[in-house]
Structures are given as C-alpha cells and as structure tokens.
Amino acid sequence: FLKKDIKEKFGVDVIFFNGDFPALPSKYKGFFDFAITDAVLEHVRDLTDFSKNIKDFLKDGAIFYASFGPLWYGPGGDHANYSDGNEFAHLVLPKSEYDRRVREELSEVKDDSCEAAFMIQEGLFSYLKAEEYFKVLNKEGFKFLRVYSKISYPSIKLFENDTVLFNKMNELELPAFDRFCSGFYFWLRVDKSK
C-alpha cells in the first residue's frame, strides 16, 4: 500500500526490507542520501557497530537523522511509566525492589512486545550516557549539524525538592546533564574520509 501511495503522490519508487543490516543487499552500500531512525538509538546495544553499518549504506555527505530517548541514565530511562517522583527507580532502587516493582506494577510481558517490562526483562537498552552517543558517532565519521536535547522539566522540579535523590545520583557518579536529559534529536552528516 505504501509503495503504491508514495509512487502516486511523489513519483518515487520505494523498497521495504524487514530485518537488521544483513537484510539489506550489499548493492545498496553507499546508496542512500538519508537514514532516519526514531526511538532506536536508546535500544542499540552496540552503537559502534550500528554506526559503521548505517554509514556503509549512506553516501559520503548523506544525512543521518536520529530522534531517540529516554536515555537509560535519564528520567524514565527504563521506559516504565511510574507515578511522578519515580522517574529514577531503575537507577536508585535496590535490584530486588526494582524487580518487584517491574513484576507488580508493569503490564504482563508478552513476546515481541514494546512494553517496558519486556524491554527491561530482555535488557533492550544501550546503557550509554549522553556524552557517549556524541563520542561514538563522532569517532565513526558523523559530523553533528544540529542537536536538540529533550530536557525533563519534572526532573528539574524533582531534584529541587528531593535532595536525597540528588545525592543518590551523585553517589552513582552520573553526569548532571544525564539527570535532566530524556533524549535527543540529531542531524548528522556522513564523512567517509574518517
């Protein structure tokens, strides 16, 4: 349906592939002008490998756009929707207490689900701090053209009122920025000379 609709509206042929990078035929390496991801990078377990793969399929000078978050070390990083004030339960609760909350408070785990309980159970997070995304992508030859950060206003208010939580975050040695950053919008350009 989408192939036909896009062809009729824009005069462009579209091909869909289902799967990871190996599902793409090698003839498409260096072929694409744009790569767009949404809600992906916070789940990529090996950002270096992912970056190399996506770069392989892009032309030199192509654009890579990524919208992603929440980040693991930020508010709601485990993708669970607890009540206000619990945005950092995944970081500060003892493991046994956290596991109990996941079992009792989150929806039942289903196969091939995007539910938080499933993602937590399967460890489907990158576990990168904000700065690490920049370092990896820069090292792999992406030039940052524009970056917007999603800042969590509820986290700002939470830390203003809860110094105990703020001190727990200090004990974990989490960068201050990560405590308020709930995600990013990246516009990057591929530089294949790197």
Over the chain, with a Gaussian network built from C-alpha contacts below 10 Å, which listed residue (VAL147, VAL102, VAL164) shows the highest mean-square fluctuation?
VAL164
Using only Cα atoms, find the angle between the long axis of helix 95-105 and the longest principal axis of the chain, and express it within 0 to 90 degrees, rounded to the nearest 10.
70 degrees
Taking the alpha-carbon distance from LYS55 and a cut-off under 16 Å, which lysines remain once sequence neighbours fewer than 8 residues away in the same chain are dropped?
LYS27, LYS29, LYS135, LYS139, LYS143, LYS192, LYS194
Which lysines, on any chain, are close to LYS168 with Cα under 19 Å apart, when same-chain ones fewer than 8 places away are left out?
LYS95, LYS129, LYS157
Of the accessible area of the chain, computed with a 1.4 Å probe and all protein chains kept, carbon and sulfur make up a percent value of 52 percent
So what's the back-of-envelope 222 nm ellipticity for the chain, counting only DSSP H runs of four-plus at -39500 (n - 2.57) apiece and dividing by all residues, rounded to 500?
-10500 deg cm²/dmol
By its C-alpha gyration tensor, with a ≥ b ≥ c as the square roots of the eigenvalues, how is the stretch 105-194 shaped: rounded for a/c under 1.5, else prolate for a/b larger than b/c, else oblate?
oblate
Taking amide H positions as placed in the peptide plane 1.01 Å from N, state which residues far from GLY30 in sequence (5 or more) or on other chains have amide H under 5 Å from it.
PHE57, LEU58
The chain: angle of helix 130-139 to the longest principal axis, Cα-based, in degrees nearest 10:
30 degrees
Give the accessible surface of the stretch 26-85 per residue, rounded to a whole number of Å², with probe radius 1.4 Å and ligands, DNA and RNA excluded.
48 Å²
Between the stretch 158-187 and the stretch 12-29, what is the separation of their alpha carbon centroids in Å?
39 Å
For the chain, modelled as a Gaussian network with Cα springs under 10 Å, which listed residue fluctuates most, GLU87, GLU104, GLU131?
GLU104
Expected max-MSF residue from LYS55, LYS129, LYS168 in the GNM of the chain (alpha carbon, under 10 Å) is LYS168
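The values are calculated or read from the model by the stated rules, or taken from the named source; none is laboratory data. This one's a predicted model, so the numbers in the text were calculated from it and none came from an experiment. For the accessible areas, the whole protein counts, side chains as well, though only heavy atoms, and no ligand, DNA or RNA atoms are used. Shrake-Rupley method; radii C 1.70, N 1.55, O 1.52, S 1.80 Å.
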